[in-house]
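In what follows, a structure is listed as structure tokens, so that the remarks can point back to it.
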Amino acid sequence: MVIWQRVVLALALLLPLTAAQAEQEDGYELWLRYRTLAGVALPKQIALATPGSPTVQAAVQELQRGLRAMAGKEPSLAVLSAGAQPASGAIVLATRTQLAASGGQAAVAGALEGLGDEGYLLRSMCEPNGRRYTLIAANKDIGLLYGAFAWLQAAQLGKRLDALDERNAPKLARRVLNHWDNLDRTVERGYSGESIWNWWELPDIRDQRYIDYARANASLGINGTVLNNVNSKPEILTAPWIAKAAALADVLRPYGLRVYLSVRWSTPLELKQTRTADPLDPQVAQWWRDKADEIYRVIPDFGGFLVKANSEGQPGPQDYHRTHAEGANMLAAALAPHKGIVMWRAFVYASEQPDDRAKQAYSDFAPLDGKFAPNVVVQVKNGPLDFQPREPVHPLFGAMPKTPLMMEFQVTKEYLGFATNLAYLGTLYEETLRDAAPAVAGMAGVANIGSSRTWSGSHFDQANWYAFGRLAWNPQARARDIALEWAGRTFSAKAAPDIAGLMMMSREAVVDYMTPLGLTHLMGTGHHYGPAPWVSDLARPEWNPAYYHRAHSKGIGFDRTATGSNALAQYAPALAQRWSDPRNTPPEYLLWFHHLPWDYAMPSGRTLWAELLAHYDSGVAAVAEMQQRWQRLKPLIDARRHQEVAQRLAVQRQEAQWWRDASIAYFQSVSKLPLPAGVQAPPHSLEYYKSLHFPFAPGHG
Ligand code: GCW
């Protein structure tokens with residue numbers, strides 16, 4: 001082959017590889033992908049009054065990182081002495097005190113009023129002499145870091161950078177991730193590899209990943225992290241582990257992240273340092289006070305304790321006939337001198353209690369309203385059961401006006417197809433917050449973060465971490481806006497509208513193929529993978545799917561009206577009244593609150609049986625649609641991430657079909673009704689679906 005032919009061939013091979021396809025992205029950068037911005041005038045200088053605290057340094061470093069990548073050139077750094085001027089077009093970072101000291105900008109100082117310790121102001125400035133610059137101002141250093149991330153976001157999303165005027169402050173004070181990470185590095189309900197915390201190597205080895213974790217969280221305004229599983233171990237409160245937690249706290253502190261620990265109620269007893277764990281025993285209270293003092297000596301800004309007590313076999317104050325409030329208050333007293341808090345979980349249900357499981361947290365906690373110490377926050381799951389694809393809001397939001405309540409969402413997808421299914425949870429969070437927001441004083445998110453390169457087990461699961469953070473900052477934010485923002489930063493502005501469209505349909509698809517019309521908790525035993533509506537032989541009644549769907553030859557659904565468990569009475573009277581009638585109950589909660597005959601007439605004109613089948617089919621169809629939409633996006637997405645998502649969507653398509661087929665096979669065996677014309681019969685017998693087993697499913701100890 002003559003040389004020019006080879007050249008032509010080589011060029012021909014290269015041509016189909018667009019720049020986007022050639023780049024092999026693995027998702028590690030999350031939404032903090034800074035890419036060359038062509039044709040945009042970017043700041044060439046970052047200016048500040050003093051070299052600053054580690055937090056200000058973190059802000060400067062992030063701006064440098066972003067500008068270096070977006071402008072292709074390192075910005076200069078100027079520490080301005082009094083009276084000195086920034087270069088034209090610079091980014092200027094200044095706290096309120098520094099603004100005051102520099103003598104000018106009274107108007108700016110006024111704009112900082114009401115922004116609190118964490119808010120920021122981002123403003124394009126033009127001085128009388130025509131000099132332009134961008135001001136990032138805040139009352140405290142952490143606001144400067146949040147403002148720096150906000151500026152970088154504006155640049156990433158292609159906003160006009162010469163007309164910025166944004167005042168922003170978080171609406172909730174506590175915005176906290178809950179890691180269900182065990183000390184052996186496994187993660188309960190984790191689908192993203194091992195725990196990010198390499199406990200064994202800590203405190204001496206501090207992985208770069210911890211800093212990248214802190215950057216990602218700070219970019220969303222998340223300001224706390226509970227390092228270990230709520231199913232906690234006594235060892236976490238021993239000296240070596242406190243030292244490990246302190247090392248992490250040191251790394252995370254500049255980014256505004258406080259460290260908290262989950263503690264096991266019976267720790268002093270199990271460590272053989274007390275003879276009981278009774279909260280009213282003075283020796284026990286003293287032990288906790290000493291322990292708190294010990295922690296604060298090495299973690300001065302320690303956030304406090306998260307506690308799962310008398311829940312799913314965990315010990316608690318009720319073992320000593322004390323109330324949750326007595327238990328929480330004893331710990332709160334130990335933390336109060338250091339300004340720490342107790343986040344006491346309300347996720348309780350007891351096997352010996354025959355009442356509807358959905359009622360039990362309310363029954364235990366509502367009477368305790370007003371009995372908790374001021375530094376106790378009661379942490380309530382979003383719904384009365386357990387992180388299902390859809391639940392009505394937990395009735396405790398609205399029933400404890402004297403107690404600060406923390407909303408607990410699951411970011412990891414224990415019940416929504418793990419990290420292999422695409423389900424954008426922004427819509428789930430938004431739906432819940434719409435009903436609960438006035439009662440929410442803080443937000444906790446069960447993290448989906450692990451040591452996988454994508455952090456969250458899949459590219460799209462990163463969006464759930466993102467949405468949680470955004471909604472913790474502003475519970476009134478809209479899921480669609482968040483999806484657009486995330487997709488614009490994580491993929492590209494061009495692809496964002498289509499990606500957001502796909503995300504917005506994804507969670508409803510899961511609801512449709514798993515648990516339509518208010519059905520719930522039909523997943524496989526223990527691991528919660530796949531359908532198992534037939535299971536009815538587990539030791540505790542409320543562990544059985546049959547307990548929840550109550551299907552028999554005449555009908556289906558859980559009667560939670562006055563003729564049944566009357567869980568409805570736990571809601572505001574007007575709502576309870578309206579929903580006591582199935583015709584006034586939103587279809588998405590129908591079988592949650594009502595037991596209805598199979599031939600019940602739905603508003604669509606179909607029978608309940610036919611409607612149920614239609615939902616399963618539309619769930620499967622929606623996943624097929626998501627697959628097609630993703631396929632159409634191929635030219636806009638880098639090859640590796642496109643293919644990784646496509647593989648997962650193919651798995652999801654199969655799993656949706658399996659859910660649909662197994663559920664129909666089972667419910668038909670109960671209803672004994674024929675399938676209406678056009679509804680495909682499941683390809684296998686019910687026995688086949690029942691015979692499937694999944695040893696070693698992830699996330700389940
Ligand atoms: O959803 C259930 C999970 C458990 C979890 C528990 C809880 C940490 O199946 O794995 O335990 O909730 O929230 O405490």
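Tabulated data for the structure shown
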{"quantity": "Positions within segment 682-701 being more than 16 Å from the ligand (Cβ to nearest atom) and either of a type in the set (S, T, Y) or touching a residue at least 12 places away in the same chain (Cβ under 8 Å) (or both), in sequence order", "calculated": "P682, P683, H684, S685, L686, Y688, Y689, K690, S691, L692"}
{"quantity": "Filter pass, F347 being buried (at least 17 other Cβ atoms within 10 Å of the Cβ) and either touching a helix residue (DSSP H, G or I) at 6+ places or on another chain (Cβ under 6 Å) or within 21 Å of A243 (Cα to Cα) (or both)", "calculated": "no"}
{"quantity": "Some residue of segment 148-162 being more than 28 Å from the chain's Cα centre (by Cα) and not acidic (D, E)", "calculated": "yes"}
{"quantity": "Enumeration of residues in segment 24-60 that are assigned to a loop (DSSP other than H, G, I, E, B), among the small types (G, A, S) and either touching a residue at least 24 places away in the same chain (Cβ under 8 Å) or in contact with a Ser or Thr (Cβ under 9 Å, 6 or more places away or on another chain) (or both)", "calculated": "G27, A41, A49, G52, S53"}
{"quantity": "Helices (runs of 4 or more DSSP H) within segment 419-510 that include 1 or more residues touching a strand residue (DSSP E or B) at 6+ places or on another chain (Cβ under 9 Å) and aromatic (F, W, Y)", "calculated": "426-436, 462-473"}
{"quantity": "Criterion: under 30 Å from L686 (Cα atoms), modelled with pLDDT of 95 or more and aliphatic (A, V, I, L, M) - qualifying residue of A479, A532", "calculated": "A532"}
{"quantity": "Boolean, V298 is of a type in the set (A, V, I, L, M, F, W, C), within 30 Å of A214 (Cβ to Cβ) and under 26 Å from the mean Cα position of the chain (by Cα)", "calculated": "no"}
{"quantity": "From G426, G457, G450, residue being at pLDDT 95 or above, over 13 Å from the mean Cα position of the chain (by Cα) and more than 16 Å from the ligand (Cβ to nearest atom)", "calculated": "G457"}
{"quantity": "So K171, is it under 20 Å from the mean Cα position of the chain (by Cα) and of a type in the set (D, E, K, R)", "calculated": "yes"}
{"quantity": "Spans of strands (runs of 3 or more DSSP E) in segment 121-240 with at least 3 residues out of contact with any Cys (no Cβ under 6 Å at 6 or more places or on another chain), touching a residue at least 12 places away in the same chain (Cβ under 8 Å) and more than 16 Å from the ligand (Cβ to nearest atom)", "calculated": "132-138, 165-168"}
{"quantity": "Candidate set from segment 576-591 (those that are in contact with a Leu (Cβ under 8 Å, 6 or more places away or on another chain) and under 21 Å from V511 (Cβ atoms)); member that is surrounded by the most Cβ atoms within 10 Å (Cβ to Cβ)", "calculated": "L591"}
{"quantity": "Boolean, A358 is of a type in the set (A, V, I, L, M, F, W, C), more than 30 Å from R258 (Cβ to Cβ) and surrounded by fewer than 19 Cβ atoms within 10 Å (Cβ to Cβ)", "calculated": "no"}
{"quantity": "Residue match in segment 190-204 (condition: within 18 Å of the chain's Cα centre (by Cα), of a type in the set (S, T, N, Q) and buried (at least 18 other Cβ atoms within 10 Å of the Cβ))", "calculated": "yes"}
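The values are calculated or read from the model by the stated rules, or taken from the named source; none is laboratory data. This is a predicted model, so every value here is computed, not measured. Every residue, glycine among them, receives a Cβ derived from its backbone with ideal geometry; neighbour counts consider all protein chains shown.
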